[in-house]
Amino acid sequence: MRKNIIGISTVLLLLFLFGCSKDNDKLIQFNTKEKYVVKVLYESESAFFTNYGALLSAKYPNLEFDVIPLPNTSNLSNREEIQVAYDKVINEQQPDILFLFPDQLERYGSLGQLYNLDSLISQDGFDIDNMLPAITDYIRSIGSGKLYGLTPNFYGMGVYYNKDIFDKYQIPYPTDTMSWEELMLLAQRFSPDSTSSYGIRFGSNHNSLFQLALNIGTNNNLKFLDVQNKKITISTFSWKEIFEFVFDTYQANSMYQLTEDDHSKPGMTHQDLLLQNPFITNEVAMTVEGNYFMNDLKLVEKLDSQSAPKWDVVALPSNSNELSSEDSIWIQYILAINSKSTNKQTAWEVIKYINSEEFTRVTLKSTLNNSLPSRRNSLLDGQHNVDAFYKLRINPYVSKNSLKLPADFFESFNSFANLQISEAYQGNITLDEALASIEEKGQELLSTSKD
């Protein structure tokens, strides 16, 4: 009996140790003299060597990279077919390193196909503290608490403002801590009639009253869609308030309306389009744009320093300094390690370098040129408030739940909602009636949609 107990205890202990070691492999010293072949899942071989391979080869001459191109999904019509295509490539090729979109990282992590980096980071003393917490926290949140990847860069949105226009009319500048309502009230202090300029301009993703209000609402942590319980909730006091101050800003003629002139025409260069941007031509006091717009503004300063506006940028508003929707921050690729890789240490060495301070500084004007480094200290700009892009966090609500619905749901829902809100704005129906009908129609579409 005692032997049986000892035997069972030994088996349980071995099972426990095996379970604990799955994501806690002891770090093996990387040998710079030994030859390694690292299999990488990326867009294409040429793109990988342009963006990463050349620097990696210079840093690690003992590494050879076998690039596995991402599957061609251009002719695939739905999410399931795209998943099958990726699954096929990954299962057949078994890459060591995977460049994944956030939704893919979430999926493959939940399937146990990715390696938790926490133990490697801890053992190696990797400097993760100086990477933007909003990014690492988000990656951990979609990994159910585990850090399945890292990314050296991200993209962000901000509110750019023309200092010259604000100074001329002695109107206070916007701030990082403003709410959306405060920003809209500030925009209403401008109009072509009173200040010869509009208050604010939004991009094409806010091209309707409904889309603008929806984005502002989700940025204020309002939820209209509960996929898990198949419920639409938009006919509420909080949502009504959002739509009302969007209506007020439109009615005050303070919001710039996109026209055909704002789109590129045949023969136009990027510089041509840029020089007729209403923010550049002092027709708009504020504009909501991505971080890449900083490069555009600096280009204008080089092209025409005399007429270039004096500008700065503040964070996109939120209901707090800790939450924002994916309109504020988004990620393209996250670098992850295949849990089945027999080359984990070498894969980690590569990921570690791509996410290092050294790599970031070298690539700021090339690979990372139109994005923001996850390491804030690498971005030097003493003239402008670039911290605006580093102050908010990603709200995983949008990315995690919207993936479970077919695209035709959003097409039908948005089309109907756009029409109803337009009718309410024109006074043909009340806002209460519009929101109630949107909720009813959305519920109908949601109930009949397939997961």
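The values are calculated or read from the model by the stated rules, or taken from the named source; none is laboratory data. Bear in mind that the values here come from a model prediction, so they are computed numbers and not experimental data. Heads up, the Cβs are rebuilt from the backbone with ideal geometry, glycines too, and the neighbour counts pull from every protein chain shown.
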- Message: I'm checking my understanding of the structure. Among residues of region 46-69 that are surrounded by fewer than 18 Cβ atoms within 10 Å (Cβ to Cβ) and among the hydrophobic types (A, V, I, L, M, F, W, C), which one is modelled with the lowest pLDDT?
- Response: Ala54
- Set Asp129, Asp137, Asp164: member being within 27 Å of Ser318 (Cα to Cα), out of contact with any strand residue (DSSP E or B) (no Cβ under 7 Å at 6 or more places or on another chain) and free of Cβ contacts under 8 Å to residues at least 60 places away in the same chain: Asp129
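Is it true that some residue in region 129-136 is outside the structural domain of Asp96 (by TED's automatic domain parsing) and either within 26 Å of Trp239 (Cα to Cα) or buried (at least 22 other Cβ atoms within 10 Å of the Cβ) (or both)? Before the answer, list the steps.
Of the residues in region 129-136, the ones outside the structural domain of Asp96 (by TED's automatic domain parsing) are none.
Taking every residue of region 129-136 in turn, none turns out to be outside the structural domain of Asp96 (by TED's automatic domain parsing) and either within 26 Å of Trp239 (Cα to Cα) or buried (at least 22 other Cβ atoms within 10 Å of the Cβ) (or both).
Identify, please: which residue in region 33-45 is closer than 14 Å to Pro69 by Cβ and not hydrophobic (A, V, I, L, M, F, W, C) and is, among those, surrounded by the most Cβ atoms within 10 Å (Cβ to Cβ)? Even if it seems obvious, please write down each step before you answer.
Kept after step one, since they are closer than 14 Å to Pro69 by Cβ, are these residues of region 33-45: 39-45.
Within this subset, residues satisfying the condition of being not hydrophobic (A, V, I, L, M, F, W, C) are 39, 42-45.
Details: Lys39: 19, Tyr42: 22, Glu43: 14, Ser44: 12, Glu45: 15.
By that ranking, first place goes to Tyr42.
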- Looking only at region 192-237, and only at residues there that are among the basic types (Lys, Arg) and surrounded by fewer than 20 Cβ atoms within 10 Å (Cβ to Cβ), the one that is nearest to Asp248 (Cα to Cα): Lys223
- Task: Only residues in region 247-260 that are closer than 19 Å to Ser194 by Cβ count as the first member; pair them with residues that are of a type in the set (Asp, Glu) and part of a loop (DSSP other than H, G, I, E, B), Cβ under 9 angstrom, at least 6 apart or cross-chain, and list the lot.
- Result: Asn253/Asp193; Tyr256/Glu283
- Query: Going through region 146-161 one residue at a time, which ones are farther than 20 Å from Arg189 by Cβ, in contact (Cβ under 8 Å) with a residue 60 or more places away in the chain and either of a type outside the set (Gly, Ala, Ser) or surrounded by fewer than 22 Cβ atoms within 10 Å (Cβ to Cβ) (or both)?
  - Reply: Lys146, Tyr148, Leu150, Thr151, Pro152, Asn153, Phe154, Tyr155, Met157
- Could you count how many residues in region 75-126 are touching a residue at least 12 places away in the same chain (Cβ under 8 Å) and not in a loop (DSSP other than H, G, I, E, B)? 28
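Which of the residues belonging to region 143-192 are under 20 Å from the mean Cα position of the chain (by Cα), closer than 20 Å to Tyr256 by Cα and not in a helix (DSSP H, G or I)? Can you show your working first?
To start, the set of residues in region 143-192 that are under 20 Å from the mean Cα position of the chain (by Cα) comprises 143-160, 176, 180.
From the residues that got through so far, the ones that are closer than 20 Å to Tyr256 by Cα too are 157-160, 180.
Listed by number, the residues that qualify are Met157, Gly158, Val159, Tyr160.
Just name the residue that is nearest to His384 (Cα to Cα) out of those in region 287-311 that are outside any helix (DSSP H, G or I) and within 22 Å of the chain's Cα centre (by Cα).
At the first step, the residues of region 287-311 found to be outside any helix (DSSP H, G or I) are 287-292, 304-311.
Pick out the ones that are also within 22 Å of the chain's Cα centre (by Cα) and you get 287-292.
Numbers: Thr287: 16, Val288: 16, Glu289: 15, Gly290: 15, Asn291: 12, Tyr292: 14 Å.
If we take residues in region 287-311 being outside any helix (DSSP H, G or I) and within 22 Å of the chain's Cα centre (by Cα), then Asn291 is nearest to His384 (Cα to Cα).
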- Item | Selection status of Phe166, surrounded by 15 or more Cβ atoms within 10 Å (Cβ to Cβ) and more than 29 Å from Phe410 (Cβ to Cβ) | yes
- Message: Can you list residue pairs whose Cβ atoms sit under 6 Å apart, with the first residue in region 287-309 being free of Cβ contacts under 8 Å to residues at least 60 places away in the same chain and the second being of a type in the set (A, V, I, L, M, F, W, C) and assigned to a helix (DSSP H, G or I)? Count only pairs 6 or more apart in sequence or on different chains.
- Response: Asp296/Leu274; Ala308/Val300
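From the list Arg107, Arg189, exactly one residue is surrounded by 16 or more Cβ atoms within 10 Å (Cβ to Cβ), of a type in the set (D, E, K, R) and not assigned by TED's automatic domain parsing to the domain that holds Lys240. Which is it? It would help to see each step written out before you state the result.
Working: Arg189 fails: not assigned by TED's automatic domain parsing to the domain that holds Lys240.
After ruling out the rest, the residue left standing is Arg107.
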- Kindly indicate whether Thr218 is assigned to a helix (DSSP H, G or I), of a type in the set (S, T, N, Q) and under 21 Å from Glu423 (Cβ atoms). no
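This table checks each residue for (1) farther than 20 Å from Gln251 by Cβ; (2) modelled with pLDDT under 95; (3) out of contact with any strand residue (DSSP E or B) (no Cβ under 7 Å at 6 or more places or on another chain).
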{"position": "Ser141", "(1), (2), (3)": "yes, yes, yes"}
{"position": "Lys146", "(1), (2), (3)": "yes, no, yes"}
{"position": "Leu150", "(1), (2), (3)": "yes, no, no"}
{"position": "Tyr155", "(1), (2), (3)": "yes, yes, no"}
{"position": "Tyr160", "(1), (2), (3)": "yes, no, no"}
- Note on the structure: (1) buried (at least 16 other Cβ atoms within 10 Å of the Cβ); (2) in a loop (DSSP other than H, G, I, E, B) all hold for Thr249 apart from (2)
